[in-house]
1. Please identify the pairs in which a residue from the stretch 35-57 that is more than 18 Å from residue 225 (Cβ to Cβ) has its Cβ atom under 6 Å from the Cβ atom of a residue that is of a type in the set (Asp, Glu) and outside any loop (DSSP other than H, G, I, E, B), counting only partners at least 6 apart or on another chain.
2. Looking only at the stretch 25-45, which residues are within 17 Å of residue 73 (Cα to Cα) and crowded, with 19+ Cβ neighbours inside 10 Å?
3. Kindly check whether there is at least one residue in the stretch 89-96 that is touching a Phe, Trp or Tyr at 6+ places or on another chain (Cβ under 9 Å) and more than 30 Å from residue 202 (Cα to Cα).
4. Do the conditions hold for residue 236, that is, is it part of a helix (DSSP H, G or I), out of contact with any Asp or Glu (no Cβ under 9 Å at 6 or more places or on another chain), among the charged types (D, E, K, R) and modelled with pLDDT of 90 or more?
5. Just one of the numbered conditions (1) touching a residue at least 24 places away in the same chain (Cβ under 8 Å); (2) open to solvent by 20 Å² or more (accessible area, probe 1.4 Å) is not true of residue 19; which one?
6. Among what's in the stretch 242-252 and is in contact (Cβ under 8 Å) with a residue 60 or more places away in the chain and in a helix (DSSP H, G or I), pick the residue that is nearest to residue 178 (Cα to Cα).
7. Within the stretch 83-138, track down each residue that is under 22 Å from residue 34 (Cβ atoms), open to solvent by less than 20 Å² (accessible area, probe 1.4 Å) and aliphatic (A, V, I, L, M).
Amino acid sequence: MTQKIVAITGASNGMGFEAAELFAKRGWKVYAGARRVEKIPQYENNIKALKLDVTSSESNQAFVKQILDEAGHIDILINNAGYGEYGPAEEIPMDKIRNQFETNFFGAVELTQLVLPTMRAQNYGRIVNISSIGGDVYMPLGAYYHATKAALQQWSDVLDLEVAQFGIRSVCVQPGGTQSSWGNIALENSKKNMSSNSAYQPLVNSVASGLDRFMKNSAKASDLAEVFYKAATEIKPSLRYLHSFGDKFMVNVARKHPKIFRKALLITMRYFEKHNQ
């Protein structure tokens, strides 16, 4: 039988790293893309590490072309590359806002457009878009991160309606917090994206404290890699995949009871503000 092919972006760290290793151990040929190729895992001959910058159209095209030239087909695309450009909505520079969308949203869109003709020709394929519970819930300082994830989910749902007729499905995984470098990067960005005399300094300090505690008690990246695998291989896929009861609970409250969610968020903010003084 022809070896199954999966392409995973953002494979040098966290969930992408663990997912690449998991698929490889289960016999898949993994084309793992990242800017830091040296950090991509190795497993026998089942992982091919490729240089990939999802904000570059040239890089995206080269990534997909090499997969198709070598393997001849592609079964699964996992759009995992992303980061959090946190900070006050008023003060984050426009170039950083645009880069947030280029990385978290437009990169996934372009890679998907590049693989769909092949998937249609083979009458099978799956696009697994790694969103976040942050596509439904929200918190201060994450305005543009949340916007990219909400956009990714709406786009994925529309895409699914359009491509299901060709045997292709588009689904979203919505992780909550993850024990990885993601939280540290988001916290660093929130501090960088402030003016020297920012009126938002107290808010940034309290949110940073809360986010740091949340991330320390989050799921392991290896646990979320299992969710990636389920989303990629389940015969009758769901539109959404969430890991824990807590993640599902928060998303359901935010969707069905937005006023309650907002009130709970304000209470939480006041708590961290009080204990950060």
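1. That search, which allows pairs on different chains as well, returns 55/102.
2. Hits for the stretch 25-45 are 28, 29, 30, 31, 32, 33.
3. The first filter runs over the stretch 89-96 and keeps only residues touching a Phe, Trp or Tyr at 6+ places or on another chain (Cβ under 9 Å), leaving 89-92, 96.
Still in the list and also more than 30 Å from residue 202 (Cα to Cα): none.
No, the conditions are met nowhere in the stretch 89-96.
4. So residue 236 fails the test.
5. Of (1) touching a residue at least 24 places away in the same chain (Cβ under 8 Å); (2) open to solvent by 20 Å² or more (accessible area, probe 1.4 Å), only one is false for residue 19: (2).
6. Filtering first and then ranking leaves 247.
7. 108, 111, 115, 127, 128, 130
Rundown of residues vs (1) among the hydrophobic types (A, V, I, L, M, F, W, C); (2) at pLDDT 95 or above; (3) within 26 Å of residue 159 (Cβ to Cβ); (4) crowded, with 16+ Cβ neighbours inside 10 Å, yes/no style:
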{"residue": "226", "(1), (2), (3), (4)": "no, yes, yes, no"}
{"residue": "242", "(1), (2), (3), (4)": "yes, yes, yes, yes"}
{"residue": "246", "(1), (2), (3), (4)": "no, no, no, no"}
{"residue": "260", "(1), (2), (3), (4)": "yes, yes, no, no"}
{"residue": "277", "(1), (2), (3), (4)": "no, no, no, no"}
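The values are calculated or read from the model by the stated rules, or taken from the named source; none is laboratory data. All of these numbers come straight from a predicted model, not from anything done at the bench. Virtual Cβ from ideal backbone geometry, glycine too; neighbours counted across all protein chains shown. Just so you know, the surface numbers come from the protein's heavy atoms only, side chains and all, with ligands and any DNA or RNA stripped out. Shrake-Rupley method; radii C 1.70, N 1.55, O 1.52, S 1.80 Å.
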